[in-house]
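**Q** Here's a structure for you.
The values are calculated or read from the model by the stated rules, or taken from the named source; none is laboratory data. Being a predicted model, the structure only gives us computed values, none of them experimental. Note that we place each Cβ from the backbone using ideal geometry, even for glycine, and neighbour counts take in every protein chain shown.
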Amino acid sequence: MLTAAGLSPKRSRGQNFLIDPNTTRRIVELARVEAGEHVIEVGPGLGALTRQLRDAGARVTAIEIDSALAALVAQTFHGDPMVRVINDDARSVDIAAVTGDEPARVVANLPYNVATPLLMDILAEAAQVRSVFVMVQAEVADRLAAPPGTSDVGGVSLKVAWYGNAEVIRRVPPTVFYPKPRVDSALVRIVRHPGAPRLGRPEPLFSLIEAGYKQRRKTLRRSLSAVCPTDVIESVGVDPGRRAETVTLQEWESLAAAL
């Protein structure tokens, strides 16, 4: 399809196209897509996953930054009222406006180079997106879902946990992509916490987390010295001799509330 269209993958945009039909079918099954749902797909590429989502009965909004690829997908689904293609940078698109008042979910094979910031944008800004099921680089998936006390935990792990529950579903080999990436990928699911969705980027909570993980090998007494005095750390029952990677989200929230 690429050759016929005179196109080739662009490394600068992290384009590794999902081409294995068994994998795209399995993604839709694991994502539990139901007929009539509104699904946002970022980076549809050649439209392989778009097709499976459409066949499952979903109404798909595919957002593609690459003009040539957007045109290719639009042509493939020309006249299909269940598929809408937006040619734009997903980080510039108002996802909340795209979904309107109805609930939606994101199901996508995300470009490696924008996966994390894009996910954080969606969680912070689009309350209608109740769940996310995406393919990302395996090590990114591990960080997104890592609990405190593990080697993979980082600031992004705590930020994601503030919005919802994340879990790595399964690893995916390079062989299902064209071109083959040099690393494994993984499917990760993020489900918003029930009730009123948390939105925005709460301060000083996120600033505290960032400060702690910026110097994650140092104790809280040292890593937070510029933003949170030791007596405040002690006042909420947290040992200032601990490191950021051992601190739970609830403890971070207590620290932020005490400032």
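**Q** Out of MET120, MET82, I need the residue that is of a type outside the set (S, T, N, Q) and within 23 Å of ARG201 (Cα to Cα). Which one? If you could, list the steps in order and put the result at the bottom.
**A** Details: MET82 fails: within 23 Å of ARG201 (Cα to Cα).
Testing whether each residue is of a type outside the set (S, T, N, Q) and within 23 Å of ARG201 (Cα to Cα) leaves just MET120.
**Q** Next question. Specify the residue that is nearest to the chain's Cα centre (by Cα); the eligible residues are those in the stretch 182-191 that are in contact (Cβ under 8 Å) with a residue 24 or more places away in the chain and surrounded by fewer than 18 Cβ atoms within 10 Å (Cβ to Cβ).
**A** Going through the qualifying residues, I end up with VAL191.
**Q** Taking only pairs six or more apart or across chains, which ones have beta-carbon atoms under 6 Å, a first residue in the stretch 228-250 that is hydroxyl-bearing (Ser, Thr, Tyr), and a second residue that is exposed (fewer than 14 other Cβ atoms within 10 Å of the Cβ) and in a loop (DSSP other than H, G, I, E, B)?
**A** Within 6 Å, the pairs are THR246/GLY149.
Let's see how each residue does on (1) touching a strand residue (DSSP E or B) at 6+ places or on another chain (Cβ under 8 Å); (2) more than 27 Å from HIS193 (Cα to Cα):
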residue	(1), (2)
ARG51	no, yes
ARG59	yes, no
ALA62	yes, no
ILE65	yes, yes
ARG91	no, no
ALA115	yes, no
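**Q** When the stretch 223-235 is examined, which residues are found to be surrounded by fewer than 15 Cβ atoms within 10 Å (Cβ to Cβ) and out of contact with any Pro (no Cβ under 7 Å at 6 or more places or on another chain)?
**A** Passing the criteria: ALA226, ASP231, SER235.
**Q** I need the full set of residues from the stretch 177-208 which are of a type in the set (A, V, I, L, M, F, W, C), modelled with pLDDT of 95 or more and closer than 30 Å to LYS10 by Cα, in order please.
**A** We begin by selecting, within the stretch 177-208, every residue of a type in the set (A, V, I, L, M, F, W, C); these are 177, 183, 186-188, 190-191, 196, 199, 205-206, 208.
Filter once more, so that each one left must be modelled with pLDDT of 95 or more: 186-188, 190-191, 199, 205-206, 208.
Listed by number, the residues that qualify are ALA186, LEU187, VAL188, ILE190.
**Q** Starting from the stretch 68-93, take each residue that is among the aromatic types (Phe, Trp, Tyr) and list its partners that are surrounded by 14 or more Cβ atoms within 10 Å (Cβ to Cβ), counting only C-beta distances under 8 angstrom and pairs at least six apart or across chains.
**A** From residues that are among the aromatic types (Phe, Trp, Tyr), the pairs are PHE77/GLY47; PHE77/THR50; PHE77/ARG54; PHE77/VAL83; PHE77/VAL85.
**Q** Would you confirm, using the coordinates I've provided, whether GLN128 is over 12 Å from the mean Cα position of the chain (by Cα), of a type outside the set (Asp, Glu) and closer than 24 Å to ARG91 by Cβ?
**A** Details: over 12 Å from the mean Cα position of the chain (by Cα): yes; of a type outside the set (Asp, Glu): yes; closer than 24 Å to ARG91 by Cβ: yes.
Yes: the conditions hold for GLN128.
**Q** Considering every residue within the stretch 46-64, establish whether at least one is assigned by TED's automatic domain parsing to the domain that holds ASP20, over 18 Å from VAL106 (Cα atoms), touching a Gly at 6+ places or on another chain (Cβ under 9 Å) and not in a strand (DSSP E or B).
**A** Scanning the stretch 46-64, I find no residue that is assigned by TED's automatic domain parsing to the domain that holds ASP20, over 18 Å from VAL106 (Cα atoms), touching a Gly at 6+ places or on another chain (Cβ under 9 Å) and not in a strand (DSSP E or B), so the answer is no.
**Q** Just a yes or no: is a residue in the stretch 124-134 small (Gly, Ala, Ser), under 19 Å from LEU249 (Cα atoms) and surrounded by fewer than 21 Cβ atoms within 10 Å (Cβ to Cβ)?
**A** So the first thing to find is which residues in the stretch 124-134 are small (Gly, Ala, Ser), and the list is 124, 126-127, 131.
Retained after the next criterion (residues that are under 19 Å from LEU249 (Cα atoms)): 124.
Now drop any that are not surrounded by fewer than 21 Cβ atoms within 10 Å (Cβ to Cβ), which leaves 124.
Among the residues of the stretch 124-134, at least one is small (Gly, Ala, Ser), under 19 Å from LEU249 (Cα atoms) and surrounded by fewer than 21 Cβ atoms within 10 Å (Cβ to Cβ), which makes the answer yes.
**Q** I'm checking my understanding of the structure. Among residues of the stretch 75-103 that are part of a helix (DSSP H, G or I) and of a type in the set (Ser, Thr, Tyr), which one is surrounded by the fewest Cβ atoms within 10 Å (Cβ to Cβ)?
**A** Residues of the stretch 75-103 part of a helix (DSSP H, G or I): 75-76, 95-99.
Now narrow it down to the ones that are of a type in the set (Ser, Thr, Tyr): 76, 99.
Working: THR76: 16, THR99: 20.
So, considering only residues that are part of a helix (DSSP H, G or I) and of a type in the set (Ser, Thr, Tyr), the one surrounded by the fewest Cβ atoms within 10 Å (Cβ to Cβ) is THR76.
**Q** Every residue in the stretch 125-168 that is closer than 22 Å to LEU224 by Cβ and of a type in the set (A, V, I, L, M, F, W, C), please.
**A** Once the filter is applied, which keeps residues that are closer than 22 Å to LEU224 by Cβ and of a type in the set (A, V, I, L, M, F, W, C), the stretch 125-168 yields ALA146, VAL153, VAL156, LEU158, VAL160, ALA161, TRP162.
Okay, residues lined up against (1) farther than 17 Å from ALA31 by Cα; (2) assigned to a loop (DSSP other than H, G, I, E, B); (3) of a type in the set (Lys, Arg):
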{"residue": "THR116", "(1), (2), (3)": "yes, no, no"}
{"residue": "ALA124", "(1), (2), (3)": "yes, no, no"}
{"residue": "VAL132", "(1), (2), (3)": "no, no, no"}
{"residue": "VAL136", "(1), (2), (3)": "no, no, no"}
{"residue": "GLU139", "(1), (2), (3)": "yes, no, no"}
{"residue": "ASP142", "(1), (2), (3)": "yes, no, no"}
{"residue": "SER151", "(1), (2), (3)": "yes, yes, no"}
{"residue": "SER157", "(1), (2), (3)": "yes, no, no"}
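**Q** Can you tell me how many residues in the stretch 221-259 are of a type in the set (A, V, I, L, M, F, W, C), over 30 Å from GLU125 (Cα atoms) and either touching a Gly at 6+ places or on another chain (Cβ under 8 Å) or outside any loop (DSSP other than H, G, I, E, B) (or both)? Reasoning before the result, please.
**A** In the first step, residues of the stretch 221-259 are kept if they are of a type in the set (A, V, I, L, M, F, W, C); the result is 224, 226-228, 232-233, 236, 238, 244, 247, 249, 252, 255-259.
Filter once more, so that each one left must be over 30 Å from GLU125 (Cα atoms): 232-233, 236, 238.
Then keep just the ones that are either touching a Gly at 6+ places or on another chain (Cβ under 8 Å) or outside any loop (DSSP other than H, G, I, E, B) (or both); that gives 232-233.
Qualifying residue count, the stretch 221-259: 2.
**Q** Tell me which of these GLY195 doesn't satisfy, since it passes every other one: (1) surrounded by fewer than 19 Cβ atoms within 10 Å (Cβ to Cβ); (2) touching a residue at least 12 places away in the same chain (Cβ under 8 Å).
**A** In the conditions (1) surrounded by fewer than 19 Cβ atoms within 10 Å (Cβ to Cβ); (2) touching a residue at least 12 places away in the same chain (Cβ under 8 Å), GLY195 misses (2) alone.
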